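None of the figures in this text is laboratory data; all of them are computed from the coordinates on show. Quick caveat, the model's predicted, so the values are computed rather than measured. All Cβ positions, glycine included, derive from the backbone under ideal geometry; neighbour counts span all protein chains shown.
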Amino acid sequence: MTAVLNPATEEAIAEVPGATVEDADRAIEAARRAFPAWRTVAPPDRARLLRRLAGLVEEHGEELARLETRNVGKPIQDSRGEVAMVAEVFYFYAGAVDKHHGETIPVAAGVDLTFREPLGVVGLIVPWNFPIAIASWKLGPALACGNTVVLKPAELTPLTAIRLAELALDAGLPEGVLNVLPGSGSVVGQRLVEHPDVAKIGFTGSTEVGRSVMAGAAGTIKRVTLELGGKSANVVFADADLEAAAAAAPFAVFGNAGQDCCARSRILVERGAYDRFVQLLVQATTELRVGDPEDDATQMGPLISADQREKVSSYASGTVVFRGNTPADRGFWFPCTLVEARNEDRVAREEVFGPVAALIPFEDEDDAVRIANDTPYGLSGSIWTRDGARALRVARAVEAGVLSVNSNTSVRVSTPFGGFKQSGFGRELGMHALEGYSEVKNVYLATEG
Ligand code: NDP
């Protein structure tokens, strides 16, 4: 049994049995047996089941949000938003089931057809920072394409995944279609990666573990999609609406206590506007409400664990421009921290995954692009300017998969999400995600002779 903690109080809120390799094999076998029937469910019926699941997520929205907040320590308003997104994801992929189809291709002496075939059993390995949301980004397209699933939540945050699997059964998904396997990555995660009956791994987590997933998957030529770390730049030009950029910046890096792969943890500011921007940013960060995640007014909660707090604290050195306050009680709290840095410094190179942002001045547009791209990662980023042509030039030049202009938002249900470089490959969300959970089959029919 593993004790599941509330990071805001350090109290145990549940005991969950850690799955073994044998449990993993049983879950994979259940998914394998369920696959032939699930893949042949008529598309409108599969869509209806996913819509029902979306409806149940909405109906149980407050319960799921409370559970997520207690397990992850994230502010309740964030959990409500994420659970609402989960329902939206299942509605979207319910609608996509019958819109993801093949082609007929003109060829000589026959007819050529393509089909989108499911892969079979897919293993989904998700992290602790957005447990139910990231699970749904993978479950939606995987189930819509006709795959069956073994979902491994992070050991620290299994509770909403377990509840979601119950709701899936209530919605009428057949037994074996969605299996949840709480357990450690090095045991059951590893087993999913190596098992010959698992056709694909959809993984979100650290670049380090992503690398080992990719290497492990090579043994059986498994398909993989990897959503990995980030070190995204929030690029603020002097001609931007500085008040708007500064008011938004804290949420882009301190949201979810910085435990966000899209965190804009490098804030690049054009030198001419640097002092003014930093003044506005410090003021905005001071106003961020840090405290009890169950309070509707809270905007930032604690980190996930004592280990994470220790890791994050190793980055909060150098020239500290601002350090916020945290509750003095128990809990894995860490204050919002702004440090001045060079892009060569460790705080600007590594994924902190906590509320620490590096402030870096730049000279001009070329310099901004150079610094933004001087990282092994390429997930996300923002560009703040009133010059539309510059916004597009810089957006094209920055090597990242998900960019926003005069905004720090990265995620929408209907648009593709994923990284360049060592932030991974493959796309989640939108119609693009369906590519990662299906194979194209080409069938040629001779019509002559
Ligand atoms: P991990 O990459 O270790 O965890 C992600 C998932 O992978 C978890 O479900 C984990 O299981 C599982 N896992 C771990 N080892 C293996 C393995 N050998 N084979 C298969 N699956 C495995 O992230 P951590 O939770 O350890 O966080 C460490 C750091 O990673 C963070 O500080 C942050 O920098 C980064 N990170 C980035 C994320 C992102 O979205 N970019 C998300 C999470 C972390 P379990 O945890 O149960 O052992």
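Whole angstrom only: what separates the Cα centroid of the range 90-106 from the Cα centroid of the range 1-72? The two parts, judged by their Cα centres, are 25 Å apart. Structure note, pairs Lys74/Lys152; Lys99/Lys421; Lys152/Lys231; Lys152/Lys311; Lys74/Lys441: Cα-Cα distances above 32 angstrom occur for Lys74/Lys441. In the range 138-278, the alpha-carbon atoms span a convex hull of 156 Å³ per residue. Per-residue Cβ neighbour counts within 10 Å put Leu113, Leu403, Leu181 in the sequence Leu113, Leu403, Leu181, beginning with the fewest.
Using the Cα centre of the range 207-264 as the reference point, and only Cβ charges (+1 on K/R, -1 on D/E), how large is the resulting charge dipole? Debye, rounded to the nearest 20.
Rounded to the nearest 20 debye, it is 500 debye.
Within the range 98-195, DSSP assigns beta bridges of which about 35% are antiparallel (rounded to the nearest 5).
Listed by Cβ neighbour count within 10 Å, with the fewest neighbours leading, Trp128, Trp137 appear as Trp128, Trp137. About its Cα centre, the range 21-155 has a charge dipole of approximately 140 debye under the convention of +1 per Lys or Arg Cβ and -1 per Asp or Glu Cβ, with nothing else charged. Net charge dipole, the chain: roughly 720 debye, given to the nearest 20, about the Cα centre with Cβ charges of +1 for Lys and Arg and -1 for Asp and Glu. Averaging 1/r over each pair of different alpha-carbon atoms in the range 235-326 and inverting the result gives 14.3 Å, the Kirkwood hydrodynamic radius.
So if the hydrodynamic radius of the range 79-218 is defined as the Kirkwood radius over C-alpha pairs, what does Stokes-Einstein give as its diffusion coefficient at 4 °C and 1.567 mPa s, in µm² per second?
Once the numbers are plugged in, D ends up at 80 µm²/s.
What the pair-distance distribution of the chain shows, using all Cα-Cα distances binned every 10 Å from zero, is 5, 21, 29, 25, 14, 5, 1, 0, 0 percent.
Would any residue of the range 260-296 have its amide N under 15 Å from a label point 7 Å out along Cα→Cβ of Ala84? List them or say none. It comes to 296, nothing else. Across the alpha-carbon set of the range 322-410, the Rg to Rh ratio works out to 1.03, Rh being the Kirkwood radius. With N as its number of residues, the range 280-438 has a Cα radius of gyration that, divided by 2.2 N^0.38 Å, comes to 1.17. Using Cα atoms only, what is the angle between the long axis of helix 131-144 and the major principal axis of the chain, expressed in degrees (0 to 90) to the nearest 10? The answer is roughly 30 degrees.
So in the chain, what percent of DSSP beta bridges are antiparallel if you round to the nearest 5?
40 percent
Each part gets one Cα centre, and for the range 372-426 versus the range 211-240 those centres are 13 Å apart.
Counting other Cβ atoms within 10 Å as a rough exposure proxy, the listed residues Leu169, Leu119 run Leu169, Leu119 from fewest neighbours to most. Over all pairs of different C-alpha atoms in the range 1-131, the reciprocal of the mean inverse distance, the Kirkwood hydrodynamic radius, equals 18.2 Å.
On full extension of the chain, what length is gained from Asp45 through Leu392, given 0.36 nm per residue of separation minus the C-alpha to C-alpha distance?
Taking Asp45 through Leu392 to full extension adds about 120.6 nm, to one decimal.
Given contacts defined as C-alpha pairs under 8 Å and at least six residues apart, what's the relative contact order of the range 204-294, whole-number percent? Present the calculation step by step, with values, prior to reporting the outcome.
Working: 89 pairs, mean separation 26.7, N = 91.
Relative contact order here is 29 percent.
Set Lys and Arg Cβ to +1 and Asp and Glu Cβ to -1, take the dipole of the chain about its Cα centre, and tell me which of Gln283, Phe115, Gly95 lies farthest positive. So the residue furthest toward the plus end is Phe115. Each label point was placed 7 Å from the Cα along the Cα-to-Cβ direction; for Val107 and Asp295 their separation is 6.6 nm. Once the Cβ-Cβ distance between Arg33 and Ile162 is put in as r, and R0 is 22 Å, what FRET efficiency do you end up with, to the nearest 0.05? For R0 = 22 Å, the calculated efficiency reads 0.55.
The simple spin-label model puts a point 7 Å past each Cα toward its Cβ; for Glu363 and Ser186 those points are separated by 4.8 nm.
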